[in-house]
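Right, one structure below, let's go through it.
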């Protein structure tokens, strides 16, 4: 068989595998969205892990499994305090490593929230050159800097 034909076969196999992975990923996402939509109609304000993973764009939270021994221990008092302060149900937390993953995902999500209109108006009033591109946390830090 000529080398070009072999290369073409390998390329087709690779492309086929990538398409299959893409379809599986899209299928998983559709199933997660459907499960979330089903739960929206249920009463109660308790947020589950599925909703957090979707809201924070952190699907790894669903399939978390501890790797190191320290990750299997109970969450620390500081982790519990951070989770409570951010209204995360402690029953969702499996162990110390899972708490760490939740907190990391939470902080990453908080860094993406855009500044509020009130923050933008106040920063314009204070003379900030570009409040439009700031996140909520960046705007809060900038306001604190202007005040001091």
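What helices (runs of 4 or more DSSP H) completely inside the range 46-141 contain at least 2 residues that are under 24 Å from residue 35 (Cα atoms)?
Helices (runs of 4 or more DSSP H) meeting the threshold: 49-55, 96-110.
Kindly check whether there is at least one residue in the range 66-79 that is loosely packed, with under 11 Cβ neighbours inside 10 Å and either touching a helix residue (DSSP H, G or I) at 6+ places or on another chain (Cβ under 8 Å) or outside the structural domain of residue 29 (by TED's automatic domain parsing) (or both).
yes
The values are calculated or read from the model by the stated rules, or taken from the named source; none is laboratory data. On a predicted model such as this, the values are computed, not experimentally measured, just so you know. We place every Cβ from the backbone using ideal geometry, glycine too, and count neighbours over all the protein chains shown.
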